[in-house]
1. Working only with C-alpha atoms, what are the Rg and Dmax values of the chain, expressed in angstrom?
2. With each run of n ≥ 4 DSSP H residues scored as -39500 (n - 2.57), what mean residue ellipticity at 222 nm is computed for the chain after dividing by its residue count and rounding to the nearest 500 deg cm²/dmol?
3. About the Cα centre, and with charges only on the beta carbon of Lys, Arg (+1) and Asp, Glu (-1), how big is the dipole of the chain? Nearest 20 debye, please.
4. So for 22, 6, 99, 169, fewest C-beta neighbours within 10 Å to most, what's the order?
5. Sort 50, 58 so the one with the fewest other Cβ atoms within 10 Å of its own Cβ comes first.
6. For each pair in 84/171; 84/129; 2/168; 112/136; 120/168; 113/164, compute the distance between the two Cα atoms and list the pairs where it is over 32 Å.
7. Check the straight Cα-Cα distances from residue 187 and name the lysines below 16 Å, setting aside those fewer than 8 residues away within the same chain.
8. So how do 10, 143 line up by other beta-carbon neighbours within 10 Å, fewest first?
Amino acid sequence: MKSNIIICGVGGQGIITLLRIIAQASLEENLNVRTSELHGLSQRGGSVVVHIRIGSEVFSPLVMPNEADLIIALEIQESLNAVKYANKNTIFLINNHIIPIPDQNLSEGQIKKELNKISKNIYLIDANKIIAEKYKNPVLSGVFLLGAACSKKFISLSPSSFEKALAKIIKPQYIDLNKKAFKFGLKFNLI
């Protein structure tokens with residue numbers, strides 16, 4: 001098994017936490033894992049891209065261009081920043097939430113058109129809205145998307161490994177809520 005994952009978004013969305021959860025879930029299954037994180041100019045609100053490589057033999061933490069198996073974007077416009085890592089088989093799992101940037105916003109249609117030039121495996125989910133309605137906390141949208149990725153085998157790690165990882169990574173007072181969001185993602189129907 002080898003898996004190359006990119007997670008992108010903006011600072012404050014829990015991207016580093018997701019990286020740590022996936023890495024810990026990999027360790028729970030005795031897999032080698034390497035990670036790397038790249039921050040934009042501003043930690044909160046600036047672009048963040050993390051690389052996760054999982055496998056029996058993984059030496060470099062960086063996903064090479066055109067080699068991502070899965071790209072999780074926590075903000076739809078940020079998915080375009082990860083395009084260089086994609087190929088025709090790459091799966092894009094995207095929170096179609098838009099963080100407004102004056103005079104720079106693209107429409108969902110424009111973004112999807114650009115992504116479709118590379119891959120047809122694009123899943124847009126209004127994760128912020130879904131999670132805000134269910135749990136009143138859109139920060140849980142990343143963990144929800146992890147559950148959805150796990151249920152569809154976009155990430156070849158077991159749900160129990162993710163639950164163990166959540167218990168080790170998330171602060172104790174938030175573990176139950178995060179587990180609920182993850183399980184909700186497991187049950188979510190990606191069309």
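1. Gyration radius and largest Cα-Cα distance of the chain: 15.3, 47 Å.
2. -10500 deg cm²/dmol
3. Details: 23 positive and 15 negative charges, 79 e Å.
So the magnitude is around 380 debye.
4. 99, 169, 6, 22
5. On the way: 50 24, 58 17.
Listed from fewest to most nearby Cβ atoms, that is 58, 50.
6. 84/171; 120/168; 113/164
7. Reachable lysines: 134, 152, 153, 179.
8. 10, 143
The numbers here are math on the coordinates, done by the rules we state, and not lab data. Computed from a prediction, not measured in an experiment: that's the story for all the values here. Here Cβ is always computed from backbone atoms with ideal geometry, including for glycine, and neighbour counts include all displayed protein chains.
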